[in-house]
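Comments concern the structure below.
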Amino acid sequence: MRVVIKVGSSSLTTADGHLDPDRVGTVVDAVVAVRARGDEVVLVSSGAIAAGLGPLALPQRPRDLPTQQAAAAVGQRALIAHYSEAFAAAGLVVGQVLLTVDDVSRRSHYRNAHQTFAKLLELGVVPVVNENDTVATSEIRFGDNDRLAALVAHLVHADELILLSDVDGLYTGHPDLPDSRPIATVASEADLAGVDVARVGSAVGTGGMVTKIEAARIATAAGIPVRLTSAARAIEAVEGQPVGTRFAPTGKRRATRLLWLAHASETRGRLVLDAGARRALVERGASLLAAGVVAVEGEFSGGDPVDVVGPDGALVARGIVNYDSAELPAMLGRSTSDLAASMGADHERAVIHRDDLILMA
């Protein structure tokens, strides 16, 4: 069994931004418990920026990017040092893996990341993953590590994702309100109807319940169950006890490329379809041919991810395009045989092959 555990900044630090050794120790104990039973574990840990607040005498998480990056540069060293020392006491070796969204949105980077994780786990190393906040730009944004944890869970073919937070599960409203009720199981989107999750993150974190739910959606859609609970109950969670909230799988495991397309890719442009092409994609699972494309928007190259929209502009699918945006306008509305006759056999390819396309609607 392979487990991904994600812990947020507020679960690792004191109010003034210093790492709390006891809180870090609780997370480490949970990871050690997973390894002790013979399973593999990947730890996705926030906390670099938060851990830098105390040493830099910053009263709260900075809003400007340069100061965030400075705090991350100082805090990441402290964070991994604590983990290395704590895991070494249990006879485990730590491997630091710093990722940005780019590493899970570009196809070649995604493949390389998968190979790195596979080798680390094969060697018995505990990968400790964090957002590379020191060099990231737009990637430092609300809830990124929750989303990143879900993508990492799929990347390493995890059997379970455990999200550790500063609350002990999902509630129907703010946990402090007397009429809020805990939700033990989320089996479908219907179970989230009427749930108020408009709760911002803590002073040292960036996430909130909204990002936890989004991470759960990503993982469960790929067939990975999710457990959401507090860091204080981490041991109970890894032991399989019914703590917090369990999000049941809603979909099947799919090719890594398709999950990347659905949730991690930054699309470079749009292809607008006619009604017939939209039906062919949605109802028959067909490839996208030039004959059904009526407009090209944006600049992209062959191999880039693009959005595919219907005549009304609504998103239909996302896929890897086989042609540059500069050459597609001359191909629009033309049959494959016509393109091959006038432009060469190389243009017999589909604009997007069905194996490189995922429906989004």
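Worth a mention:
- Filter result (more than 14 Å from Ala149 (Cα to Cα), at pLDDT below 90 and buried (at least 20 other Cβ atoms within 10 Å of the Cβ)) within region 209-243: Met209
- Taken as a whole, the structure places Val3 among residues that are farther than 30 Å from Val306 by Cα, assigned to a strand (DSSP E or B), among the hydrophobic types (A, V, I, L, M, F, W, C) and within 20 Å of the chain's Cα centre (by Cα).
- Contact annotation: residue pairs with Cβ atoms under 8 Å, 6 or more positions apart or on different chains, pairing a residue in region 14-42 that is on the phi > 0 side of the Ramachandran plot with a partner that is crowded, with 23+ Cβ neighbours inside 10 Å and not in a helix (DSSP H, G or I), are Gly17/Val204.
- Sub-7 Å Cβ pairs linking a first residue in region 211-226 that is assigned by TED's automatic domain parsing to the domain that holds Ala190 to a second residue that is among the polar types (S, T, N, Q) and surrounded by fewer than 24 Cβ atoms within 10 Å (Cβ to Cβ), at least 6 apart or interchain, are Thr220/Thr250; Ala221/Thr250; Val226/Thr220, ordered by first then second residue.
- Selection within region 325-361 - more than 21 Å from Leu281 (Cα to Cα) and charged (D, E, K, R): Glu327, Asp338, Asp346
- Qualifying positions in region 90-130 - at pLDDT below 85 and aromatic (Phe, Trp, Tyr): Tyr110
- Residue match in region 326-348 (condition: of a type outside the set (A, V, I, L, M, F, W, C) and within 32 Å of the chain's Cα centre (by Cα)): no
- Filter pass, Leu289 being within 28 Å of Leu151 (Cα to Cα) and in contact (Cβ under 8 Å) with a residue 40 or more places away in the chain: no
- Candidate set: region 11-33, residues that are of a type in the set (Gly, Ala, Ser) and surrounded by fewer than 23 Cβ atoms within 10 Å (Cβ to Cβ); chosen: the one modelled with the lowest pLDDT: Ala15
- Considering only residues in region 163-188 that are out of contact with any strand residue (DSSP E or B) (no Cβ under 8 Å at 6 or more places or on another chain) and in contact (Cβ under 8 Å) with a residue 40 or more places away in the chain, the one that is farthest from Gly244 (Cα to Cα) turns out to be Ser188.
- Note on region 43-136: enclosed helices (runs of 4 or more DSSP H) holding 3 or more residues that are within 17 Å of the chain's Cα centre (by Cα) are 107-122.
The values are calculated or read from the model by the stated rules, or taken from the named source; none is laboratory data. Just so you know, these numbers come straight off a predicted model, no measurement behind them. Quick reminder, even Gly has a Cβ in these numbers, built from the backbone with ideal geometry, and neighbours come from all protein chains shown.
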